Amino acid sequence: MYVSVNFKNQFPLKKLTRSKMFYILDVEDHVRVEPKHFGLPTQEAIEKQLNENFVDSVTKEFGYVVAVLGIGEIDEGVIIPGDGAAYYNSKFKILAWKPELHELVYGTISEITNFGAFMQVGPARGMIHISQTMEDYVSLSKTGTLSGKSSKRSLGKGDDCLARVVAISYKAGMPKIGMTMRQAGLGKLQWLEEDKKKKESTAKKAAKKSDKKTKGGKK
């Protein structure tokens, strides 16, 4: 099977995201068309077979295949003795979602547990260990949220966040994704907005203080 990445980052999760998890792939493969599709025109039969073979499949090579986008060149079919199917060497495009290490991704918290939080990212869920949810001592509150002891910040189901992918495993089915929000510039979007306003306020106060000193020195 021949595969090449034709285009990427065309489908950002949100505006200004740095995620590149969605790819359009050019694939060339011998497609095994089952006898149940023989009554259809060749291209339609191949398209149906490709959808059955690829869509919703998960592999380390492609990641999660979202859709078959189109079919290009199709060679003459070949029938192998003892096999009732027909084989067509075909070129086609697929849309796939594949997580990459160290990427920044937007997502929504889908579940809170006593050991951390799960965040929905594309078609998969990533896990954020409780120690990686924020730069603080964190515990599970009675209300079902993760709370920081010093910062008094809370993280709950439905919160929109920005995280970094730090681990990926394809051992079985959907990839297991480990993420962190403990680094600077990551976390719940509300926290990032609060930090931004705090920095702007501090900068304005510093500027005013500097102006007063300058005017006082002139006198």
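Bear in mind that the values in this text are calculations on the coordinates, not laboratory data. Given the structure is predicted, the values throughout are model-derived calculations rather than measurements. Note that we place each Cβ from the backbone using ideal geometry, even for glycine, and neighbour counts take in every protein chain shown.
Taking the chain as a Gaussian network of alpha-carbon nodes connected by springs under 10 Å, the highest mean-square fluctuation of the residues SER110, SER131, SER141 belongs to SER141. Across the range 143-160, coupling constants 3J(HN,Hα) worked out from phi with the 6.51/-1.76/1.60 Karplus curve, θ = phi - 60°, read 8, x, 10, 8, 10, x, 5, 8, 6, 6, 7, 10, 10, x, 4, x, 6, 8 Hz, and Gly and Pro carry x. Of the cross-linked pairs LYS142/LYS176; LYS48/LYS157; LYS149/LYS212; LYS152/LYS204, those separated by over 30 Å at the C-alpha level are LYS48/LYS157; LYS149/LYS212.
Distance from the alpha carbon centroid of the range 162-216 to that of the range 132-147 works out to 18 angstrom. Extension gain for LEU140 to GLU193 (0.36 nm times residue separation, less C-alpha to C-alpha distance): 16.7 nm. Among the chymotrypsin sites (Phe, Trp or Tyr not before Pro) found in the range 27-89, those both in a DSSP coil and sparsely packed, with 14 or fewer other Cβ atoms within 10 Å of their Cβ, are PHE38. Shown here: Rg and Dmax of the Cα atoms in Å, derived from the displayed model; of the candidates (1) 18.7, 66; (2) 25.3, 101; (3) 16.4, 49, it corresponds to (2). Proximity of backbone amide H atoms, modeled 1.01 Å from N, is registered between VAL31 and TYR88, ASN89, SER90 at under 5 Å, excluding neighbours fewer than 5 places apart on the same chain. Close amide H contacts of ARG153 (hydrogens built in the peptide plane, cut-off under 5 Å, sequence separation of 5 or more or a different chain): GLY148. In this structure the amide hydrogen of ASP159, modeled in the peptide plane, comes within under 5 Å of the amide hydrogens of ILE109, none closer than 5 places in sequence on its chain. Below 16 Å, Cα to Cα, which aspartates and glutamates can LYS98 reach? Residues fewer than 8 away in the same chain don't count. Within reach: ASP26, ASP56, GLU61.
Just rank ASP26, ASP159, ASP83, fewest to most, by other beta-carbon atoms within 10 angstrom. Starting with the residue having the fewest Cβ neighbours, the order is ASP83, ASP26, ASP159.
Using a Gaussian network model of the chain in which every pair of alpha carbons under 10 angstrom is joined by a spring, one finds that among LYS98, LYS199, LYS157 the greatest mean-square fluctuation is at LYS199.
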